Amino acid sequence: MESSVVSPRGSQYSQKCASCRTLICCATFEELQGLFIGKGGKSVKSCKNCRANAKSKVPGPKAYDLDQEVESHEDFMEVVSSLLEQRDSHIFDPEAQSITFRITLTGSFVLENDVSVATCAQSGNQGTQKQAAIVLRNDIFDCTGYYFHMRRYTETVDGPHFSLTCSRAEERKAERDLSRIQRYTETKEFFDCHGELRINFSKSNLSLTILYDHKGHVETPKFHVTEEVQKYIEVHKLVPPRLIYQNLIAMADGSQLKNTDLHTITRQQVYNIWMSLTRREWERDPRDDFRSAQMLVEEREGYFLIEGLQEPGVSLAFTTPCFNDKVKYNRSKMTEIFIDSTFGTNKHGYELYCVLTELDLGIWLKTDGCSYR
């Protein structure tokens with residue numbers, strides 16, 4: 001300790017702490033010196049108490065409102081939607097705490113085009129990774145009601161990081177090009193919401209992490225789906241909506257649909273249009289989907305509902321012509337029979353069971369089907 005900073009006060013020695021601005025007094029020089037000695041015996045300007053308090057104030061790991069790993073898209077949508085329903089009233093309060101969550105998509109999580117997170121993280125293909133980030137951004141839009149603009153792409157040793165900000169954040173207000181806004185566009189309201197969304201790939205962990213930090217406010221209206229997109233969905237209505245959405249996102253950087261910003265279309269919008277187009281193909285009772293399914297089975301020749309296994313919301317079972325037509329399907333030629341099943345593939349919790357048989361050493365036939373909750 002330099003003697004110039006020590007001020008003798010009668011029989012005491014004193015020095016002012018640079019942190020708390022308190023005049024520290026000690027009876028001996030050695031005692032005072034001990035209060036202003038840091039690591040390695042070096043003199044410091046803050047007292048021992050201030051240094052101890054500073055250590056205790058070091059922030060620990062961030063606490064999230066939700067911190068979870070998910071393995072499927074259904075689980076991802078479910079946990080995010082549930083959190084926002086509980087915590088976000090869509091009323092802006094500048095004094096409120098931000099809603100935060102960290103969701104890790106495991107390596108087996110299937111992204112678009114049936115590519116897993118692990119494969120996408122290791123691919124090094126920036127285009128594929130960006131497309132995956134856009135799709136997840138749009139899923140967040142569906143779940144939360146907030147649209148996030150892509151701001152920054154950073155390549156790290158462990159994988160790419162995508163940074164996005166809320167479209168209604170105050171900083172966005174100054175960035176809008178007023179000359180490009182059409183006159184009929186409604187005036188947007190902006191909020192000091194500090195809305196940030198980060199999507200980070202990890203090669204080492206074969207995972208993808210989504211970090212969300214945002215204060216609630218009014219929802220962002222969904223972008224208009226143009227007529228040409230609706231026509232595209234109608235032409236491909238026999239294709240599953242998941243694949244239609246994948247194709248639209250893949251076309252986003254092309255010129256097939258010139259008047260549409262395909263980056264802004266959400267999975268739910270595509271599904272809603274597809275459902276409205278295909279519903280008439282299977283709907284028989286507008287008030288009861290279960291009854292519609294039963295009526296659809298009964299319309300097919302050779303298909304029969306199994307009595308005792310018809311419980312709305314619980315089970316629907318039926319037999320196929322293979323089970324009923326003994327003349328056309330000779331059972332003596334059925335060399336093998338087994339039961340196949342699928343479960344955990346939809347958010348409604350239904351399981352599908354099917355009896356299969358091999359006919360004439362190569363033709364696989366479905367003999368009956370059952371759906372249980």
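The values are calculated or read from the model by the stated rules, or taken from the named source; none is laboratory data. Not measured: the values here are computed from a predicted model. Positions of Cβ are backbone-derived with ideal geometry, glycine not excepted, and every protein chain shown enters the neighbour counts.
Taking the options 115, 70, name whichever one is surrounded by 15 or more Cβ atoms within 10 Å (Cβ to Cβ), modelled with pLDDT under 90 and not polar (S, T, N, Q).
115
How many residues does region 207-229 hold that are closer than 23 Å to residue 131 by Cβ, surrounded by fewer than 19 Cβ atoms within 10 Å (Cβ to Cβ) and modelled with pLDDT of 90 or more?
2
Could you list, in sequence order, all residues of region 87-126 that are in a helix (DSSP H, G or I) and within 21 Å of residue 73 (Cβ to Cβ)?
Answer for region 87-126, where residues must be in a helix (DSSP H, G or I) and within 21 Å of residue 73 (Cβ to Cβ): 112, 113, 114, 117, 118, 119, 120, 121, 122, 123.
For the subset of region 318-332 comprising residues that are part of a loop (DSSP other than H, G, I, E, B) and out of contact with any Cys (no Cβ under 9 Å at 6 or more places or on another chain), which member is surrounded by the most Cβ atoms within 10 Å (Cβ to Cβ)?
Among those residues, the one meeting the criterion is 320.
Restricting to region 231-267, and then to whatever is in contact with a helix residue (DSSP H, G or I) (Cβ under 6 Å, 6 or more places away or on another chain), modelled with pLDDT of 80 or more and not aliphatic (A, V, I, L, M), can you tell me which residue is nearest to residue 128 (Cα to Cα)?
246
Listed here are the residues, each with its yes/no results for (1) under 30 Å from residue 149 (Cβ atoms); (2) surrounded by 11 or more Cβ atoms within 10 Å (Cβ to Cβ); (3) modelled with pLDDT under 80.
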position: 269; (1), (2), (3): yes, yes, no
position: 276; (1), (2), (3): yes, yes, no
position: 284; (1), (2), (3): no, yes, no
position: 304; (1), (2), (3): no, yes, no
position: 307; (1), (2), (3): no, no, no
position: 316; (1), (2), (3): no, yes, no
position: 336; (1), (2), (3): no, no, yes
position: 357; (1), (2), (3): no, yes, yes
position: 368; (1), (2), (3): no, yes, yes
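State all residues of region 286-312 that are of a type outside the set (S, T, N, Q) and touching a helix residue (DSSP H, G or I) at 6+ places or on another chain (Cβ under 7 Å); if no residue qualifies, say none.
296, 302, 303, 304, 305, 312
Could you grab the pairs with beta carbons closer than 6 Å, sequence gap of 6+ or different chains, first residue in region 51-74 and farther than 30 Å from residue 19 by Cα and not assigned by TED's automatic domain parsing to the domain that holds residue 104, second one hydroxyl-bearing (Ser, Thr, Tyr) and at pLDDT below 75?
Close Cβ pairs satisfying both conditions: none exist.
Among the numbered criteria (1) closer than 30 Å to residue 339 by Cα; (2) without any contact (Cβ under 8 Å) to a residue 12 or more places away in the chain, which single criterion is violated by residue 236?
(1)
Residue pairs, Cβ under 8 Å, 6 or more apart or interchain, first in region 133-149 and assigned by TED's automatic domain parsing to the domain that holds residue 70 and on the phi > 0 side of the Ramachandran plot, second assigned to a loop (DSSP other than H, G, I, E, B) and of a type in the set (Val, Ile, Thr). List them.
Hits for this filter: 145/220.
For the list (1) within 18 Å of residue 203 (Cα to Cα); (2) assigned to a loop (DSSP other than H, G, I, E, B); (3) among the hydrophobic types (A, V, I, L, M, F, W, C), I need the number of the one condition that residue 132 fails.
Single failed check for residue 132: (2).
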